[in-house]
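**Q** I'd like to ask some things about the structure below.
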Amino acid sequence: MSDGRRNANGRSRYDGFRAVIKLVGTGPRGSRALHFEEARAAMAALLSGEVSDAQAGAFLMAMRWKGESPEELAGMAQALRDAARPLHARSERPLVCCGTAYDGAAAAPHLSVAAAALAAAGGAGVVMHCGGPLGPKRGVTQGDVLAALGGAAEPDADASARMLERSGATVVHTPAVVPGWERLARLRDQIGVRGPVHAAERLLAYFGSRRFVVAYTHGPYSERILGALERLGAECAVTVRGIEGSDVVRPGRPSAFEAAGPLELPERLGDRIELEGTAQGSAALTRAVLEGAAGGGAARAVTLSAAVRLYAAGVETELPAAIRQAEEALADGRGLASLDALVGA
């Protein structure tokens, strides 16, 4: 090689970010999982723009092929947390940070805002977070639903704090508080397939939250996410295999896990939600559920999801009590009042 990148034995050597790519991108025999600090440094380099687009793409695809370990997810999530602007709000509520797919919901209504408002009515502080349009789905996000309800699609840090203070629930627009996010999102969109950031971003912790409800789609990710959150010092962590990969449980056969095993959520086989996943449709269904005008599968999914948030936040230590709390908040109108406060109505 003419640039001197050979050692005394004539073998190629790798320095800088190329060394990181080599660690994860040399195939089943040569690759290994990154240690926590290695993963943290790699994500920090991606956010800061220290690496070229080609290197960033190579790293993201290599990680996609290899798959992330809990330690790698924890390191990458820590780098995202390190980069995030600190957020503060005057609230004494026990907070739970809810992470769902940043590429949104495309085939089904996104009901995270409804579940957050209902959980806030029960006494929890619920922090949702999302970004702008992102592949591969480029679906509806919580911000899109909030905007369709009359709120802010892309709140800044101060607006997110005010939402939390007045309603008990909020949406954080991650691009507004994490420098380098937009460039990284553009690169991910160009790649097209999901990669390690799609999982790590769900583990962001805003307003100092140490309690989490995190969505996953594929079976192995529940254990990985729970392991990563344990490494990050979470006080409580619940994973949800929800509707279209969201953090809203399926109404007929709800599925949620903590480190000790599955949560015992009551099944009601046959319950479904048969609507398209548009922002306007999601907003209309959100309001209809909290007004008591929509029952069936949608109301069931929102109520159980709110209960999971109340449990994760520590408002209720037993799920049956959390479910009763959510049902009461829906029946007496507190959930709707919380939604109106969230929107700013």
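**Q** Tally time: how many residues in segment 175-230 are within 18 Å of Glu72 (Cα to Cα) and without any contact (Cβ under 8 Å) to a residue 24 or more places away in the chain?
**A** So the count comes out to 3.
**Q** Follow-up question, since we're still on this one. Out of the residues in segment 231-248 that are small (Gly, Ala, Ser) and free of Cβ contacts under 8 Å to residues at least 60 places away in the same chain, state the one that is farthest from Ala116 (Cα to Cα).
**A** In this case the residue turns out to be Gly233.
**Q** While we're looking at this one, here's another question. Which residue is farthest from Ala284 (Cα to Cα), if the candidates are limited to segment 308-321 and must be in contact (Cβ under 8 Å) with a residue 24 or more places away in the chain and of a type outside the set (D, E, K, R)?
**A** Gly314
**Q** While we're looking at this one, here's another question. Can you name the residue in segment 131-159 that is more than 16 Å from the chain's Cα centre (by Cα) and of a type in the set (Gly, Ala, Ser) and is also surrounded by the most Cβ atoms within 10 Å (Cβ to Cβ) among such residues?
**A** Looking at the filtered set, the residue picked out is Ala148.
**Q** Looking only at segment 300-345, count how many residues are touching a Pro at 6+ places or on another chain (Cβ under 8 Å) and in a helix (DSSP H, G or I). So that I can check it myself, show each step before the final result.
**A** Residues of segment 300-345 touching a Pro at 6+ places or on another chain (Cβ under 8 Å): 300-301, 304, 313-315, 323.
Among the residues that remain, those that are also in a helix (DSSP H, G or I) are: 300-301, 304, 313, 323.
Matching residues across segment 300-345 total 5.
**Q** Ala148: hydrophobic (A, V, I, L, M, F, W, C), modelled with pLDDT of 95 or more, more than 17 Å from Leu80 (Cβ to Cβ) and in the same structural domain as Glu276 (by TED's automatic domain parsing), yes or no? Break it down into steps so the answer makes sense when it comes.
**A** Details: hydrophobic (A, V, I, L, M, F, W, C): yes; modelled with pLDDT of 95 or more: yes; more than 17 Å from Leu80 (Cβ to Cβ): yes; in the same structural domain as Glu276 (by TED's automatic domain parsing): yes.
Yes, satisfied.
**Q** I would also like to ask the following. What do you reckon, is Arg32 in a loop (DSSP other than H, G, I, E, B) and farther than 18 Å from Trp181 by Cβ? Talk me through it step by step, then tell me what you get.
**A** Details: in a loop (DSSP other than H, G, I, E, B): yes; farther than 18 Å from Trp181 by Cβ: yes.
Yes: the conditions hold for Arg32.
**Q** Also: At pLDDT 95 or above, over 30 Å from Ala279 (Cα atoms) and part of a loop (DSSP other than H, G, I, E, B) - does that describe any residue in segment 69-86?
**A** Yes - at least one qualifying residue is present in segment 69-86.
**Q** Among the aromatic types (Phe, Trp, Tyr) and buried (at least 24 other Cβ atoms within 10 Å of the Cβ): is that true of Phe212 in this structure? Quick ask: steps written out before the conclusion?
**A** Working: among the aromatic types (Phe, Trp, Tyr): yes; buried (at least 24 other Cβ atoms within 10 Å of the Cβ): yes.
So Phe212 passes the test.
**Q** Answer with yes or no whether Ala101 is out of contact with any Asp or Glu (no Cβ under 7 Å at 6 or more places or on another chain), assigned to a helix (DSSP H, G or I) and either buried (at least 16 other Cβ atoms within 10 Å of the Cβ) or of a type in the set (S, T, N, Q) (or both). Before you say what the answer is, go through the steps one by one.
**A** Details: out of contact with any Asp or Glu (no Cβ under 7 Å at 6 or more places or on another chain): yes; assigned to a helix (DSSP H, G or I): no; either buried (at least 16 other Cβ atoms within 10 Å of the Cβ) or of a type in the set (S, T, N, Q) (or both): yes.
Answer is no for this residue.
The values are calculated or read from the model by the stated rules, or taken from the named source; none is laboratory data. Because the structure is predicted, anything quoted here is derived from the model rather than measured. Here the Cβ is made from the backbone with ideal geometry for all residues, glycine too, and neighbour counts use every protein chain on show.
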